[in-house]
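Comments concern the structure below.
The values are calculated or read from the model by the stated rules, or taken from the named source; none is laboratory data. Since we're looking at a predicted model, the values are computed, not measured. Counting neighbours? That spans all protein chains shown, and the Cβs are built from the backbone with ideal geometry, glycine included.
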Amino acid sequence: MEARYDHRTPRLFLEDPLCDGAQIALDRDKAHYLVSVMRLKAGDGVLVFNGRDGEFRAVLEAADRKAARLAIGPQTRPQPQRARVTLAFAPLKHARLDYMVQKAVEMGAGRLMPVFTHHTQPNRINTERMQANVLEAAEQCGILTIAEVLEPKKLDAFLAGAAARDPLPLIVFCDEGEEAQSPFAALDGVAPDREVVVLIGPEGGFSIDERRAIRALGHARAVTLGPRILRADTAAVAALALVGAALDERK
């Protein structure tokens, strides 16, 4: 039986290798977070993870605001495989992008791929800020595998790269055209180990040429998210929820 997530104990992401019996000195920022923000004292418990070795229970030692040390104890949960769902999305402005990244992590996306389209408004994206939001969401939601933040690409380069891969990923294209189907129908019969890319457009939608190029791909399936018009960040969360439910149903 899979170990249950302990949602009452504070969690902390570390870069260090983790194993039972290790001693890890925390940098000033992490010491400040545990001691000043979380108000922990020497002897208090912490859950730690690094995205590679699983989750471990640790005890805070020698705690003050500038320096602290963790004594690593037993593993509480093993490291799972990276999720097979990638979110490819047209970048949004700061606050809404932060929201979308955090929610995508909560919904189980394994990779985040910014894609510049004809109607994308921001012309650049801060991937370091995206990574910070990934880590914050993982810490707060008990997630062990850190979503990979990929370098941005233009849509044509993204589609060409996807078409050159073997095996081909399934692109779930969120489009409100006449031929769009439900995510459950689109994912019917998909192999359990096949990568699924959820593709979300910008606020202004994909251009006519972009829609044609995506629909022309043999490994793309257009899906609908319902009759309502959704903002791009809301559409990403809704699509990931539906795709996740459809994939879970087929396990």
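Give me the strands (runs of 3 or more DSSP E) completely within the range 51-169, filtered to those with at least 3 residues that are within 14 Å of the chain's Cα centre (by Cα) and at pLDDT 95 or above, ordered by residue number.
Passing ranges, in order: 85-89, 111-116.
Residues 109, 90: which one is of a type in the set (A, V, I, L, M, F, W, C), over 24 Å from residue 54 (Cβ atoms) and buried (at least 21 other Cβ atoms within 10 Å of the Cβ)? Spell out how you get there, then give the answer.
On the way: 109 fails: over 24 Å from residue 54 (Cβ atoms).
The match here is 90.
Based on this model, can you work out whether residue 225 counts as under 22 Å from the mean Cα position of the chain (by Cα) and either under 19 Å from residue 90 (Cβ atoms) or in contact (Cβ under 8 Å) with a residue 40 or more places away in the chain (or both)?
yes
Where residues in the range 19-36 are assigned to a loop (DSSP other than H, G, I, E, B) and of a type outside the set (Gly, Ala, Ser), which of them is farthest from residue 54 (Cα to Cα)?
Of everything passing the filter in the range 19-36, 27 is farthest from residue 54 (Cα to Cα).
Tell me the residue from 166, 175 that is free of Cβ contacts under 8 Å to residues at least 24 places away in the same chain and at negative phi, please.
166 is the lone residue from the list that is free of Cβ contacts under 8 Å to residues at least 24 places away in the same chain and at negative phi.
Any idea how many residues of the range 221-251 are modelled with pLDDT of 85 or more, part of a loop (DSSP other than H, G, I, E, B) and not polar (S, T, N, Q)?
3
Does residue 58 satisfy being surrounded by fewer than 22 Cβ atoms within 10 Å (Cβ to Cβ) and of a type in the set (Gly, Ala, Ser)?
Taking the combined requirement at face value, the residue does not satisfy it.
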